[in-house]
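Note sheet for the following structure.
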Amino acid sequence: MKIALDPTPFHHSHSLLEFPQLAAELGYKYLQLTPHQDMIPFFTHPKADDDLVRQFRKACTDASVEVASVLPVLRWSGPDETMREAAVRYWKRAIQITVDLGVNQMNTEFSGRPEQPEESEAAFYKSMEELLPVIEREGVHVAIDPHPDDFVEEGLAALRVIRGLNSPNVGMTYVASHTFHMKDDPGTIMRAAGDKIRVVHVSDTMNHHASHGLRYITNPPGNAVRVHQHLRIGDGDVNWEEFFGGLGEIGFLDRSDTVMVSSVFAENESAHEVSRFQLQKMHQFAENLQGRQSQALATT
């Protein structure tokens with residue numbers, strides 16, 4: 001398992017080419033390349049040319065940091081056909097950038113619209129008819145997150161959509177901060193998905209269903225909003241013993257092709273401290289679980 005830093009909290013304080021050295025200074029060996037205006041922005045065409053890609057790869061080599069995953073967010077499931085076609089073109093360039101960086105893992109969101117689930121699912125599969133041959137030819141794996149406000153938001157429903165592609169090159173991302181939007185508990189989803197889970201994002205969130213649905217109040221009542229946070233471990237309601245226990249049960253922690261990402265976005269003012277804290281806690285949970293598993297094997 002690779003433990004990576006999501007540099008999103010540092011986008012306004014560091015340049016793109018500074019991210020690898022920053023990750024190294026914070027103790028990380030791996031980096032997740034999330035949407036950035038100079039590389040692969042949200043929803044629009046990638047902005048990096050081959051020279052910038054080479055510079056970024058060199059910056060990683062100089063810092064002894066590797067890119068564990070590349071995360072584009074594009075409208076490939078959008079019911080607007082013009083935007084969907086554009087997203088497919090953008091995806092092809094994002095895949096090429098990923099390959100040129102020497103990376104074989106990507107992760108993304110389903111996108112689309114929850115109020116148009118059938119149209120969005122049809123758009124998703126149509127996009128994949130064109131993209132899947134490219135993904136498979138390039139030897140890239142794409143893990144997809146059922147993000148709040150996507151056309152599919154529930155964990156098991158997302159797994160069914162992924163299975164429908166019938167490709168070993170497409171799997172699932174489990175984002176801890178989305179736990180309370182995914183309907184079923186983490187263990188149930190993880191056991192069902194098994195080795196299809198290739199990427200997990202580690203950050204906490206409050207359970208918006210708590211207090212009879214009044215943990216968060218929006219006005220007017222009934223707004224079609226999705227509320228969640230990306231807090232540091234322990235500042236929310238995620239059951240971390242259950243989360244890491246589920247990962248241990250499916251063998252995620254022991255695999256060389258899996259990626260665990262610190263993705264805290266709510267505390268930019270203390271991002272350095274929080275990033276180090278996250279790394280320590282992720283190692284601690286993983287090591288404690290592996291220790292208990294070893295002890296259990298020794299007593300059987």
* To do: Can you give me the number of residues within region 214-257 that are among the aliphatic types (A, V, I, L, M) and under 18 Å from residue 278 (Cβ atoms)?
  => 5
* Within the bounds of region 211-222, is there any residue that is over 19 Å from the mean Cα position of the chain (by Cα) and closer than 25 Å to residue 269 by Cβ? -> yes
* Within region 42-68, considering residues that are under 20 Å from residue 135 (Cα atoms), outside any loop (DSSP other than H, G, I, E, B) and among the hydrophobic types (A, V, I, L, M, F, W, C), the one most open to solvent (accessible area, probe 1.4 Å) -> 67
* Asked: Could you say whether any residue in region 198-220 is aliphatic (A, V, I, L, M), closer than 30 Å to residue 119 by Cβ and open to solvent by less than 60 Å² (accessible area, probe 1.4 Å)?
  -> yes
* **Residue identified as among the small types (Gly, Ala, Ser) and more than 21 Å from residue 136 (Cβ to Cβ) among 64, 69, 77** => 64
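Yes or no, residue by residue, for (1) among the acidic types (Asp, Glu); (2) without any contact (Cβ under 8 Å) to a residue 12 or more places away in the chain; (3) open to solvent by less than 40 Å² (accessible area, probe 1.4 Å); (4) in contact with a strand residue (DSSP E or B) (Cβ under 6 Å, 6 or more places away or on another chain):
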| residue | (1), (2), (3), (4) |
| --- | --- |
| 107 | no, no, yes, yes |
| 133 | no, yes, no, no |
| 137 | no, yes, no, no |
| 165 | no, no, yes, no |
| 195 | yes, no, no, no |
* Examine region 21-41 for a residue that is assigned to a loop (DSSP other than H, G, I, E, B), farther than 27 Å from residue 287 by Cβ and of a type in the set (A, V, I, L, M), and state whether such a residue exists. => yes
* residue 264 passes all but one of (1) modelled with pLDDT of 95 or more; (2) in contact with a strand residue (DSSP E or B) (Cβ under 9 Å, 6 or more places away or on another chain); (3) open to solvent by 40 Å² or more (accessible area, probe 1.4 Å); which number fails? -> (3)
* Asked: Quick check: is even one residue across region 54-66 of a type in the set (Val, Ile, Thr), under 30 Å from residue 162 (Cα atoms) and at pLDDT 95 or above?
  -> no
* Asked: Going by the structure shown, is residue 99 modelled with pLDDT of 95 or more, surrounded by fewer than 23 Cβ atoms within 10 Å (Cβ to Cβ) and in contact with a Phe, Trp or Tyr (Cβ under 7 Å, 6 or more places away or on another chain)?
  -> no
* Would you point out which residue out of 33, 71 is touching a strand residue (DSSP E or B) at 6+ places or on another chain (Cβ under 7 Å) and open to solvent by less than 10 Å² (accessible area, probe 1.4 Å)? => 33
* All positions within region 146-178 that are closer than 20 Å to residue 3 by Cα and touching a helix residue (DSSP H, G or I) at 6+ places or on another chain (Cβ under 8 Å) -> 171, 172, 174, 176
* Asked: So residue 18 clears everything in (1) under 20 Å from the mean Cα position of the chain (by Cα); (2) open to solvent by 10 Å² or more (accessible area, probe 1.4 Å); (3) closer than 30 Å to residue 277 by Cα except one condition, right? Which one?
  -> (1)
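The values are calculated or read from the model by the stated rules, or taken from the named source; none is laboratory data. If you're wondering where the values come from, they're calculated on a predicted model, not measured in any experiment. Please note: Cβ atoms are built from the backbone with ideal geometry, for glycine as well, and neighbour counts cover all protein chains shown. Protein only, heavy atoms only, side chains kept; ligands, DNA and RNA dropped before computing areas. Shrake-Rupley method; radii C 1.70, N 1.55, O 1.52, S 1.80 Å.
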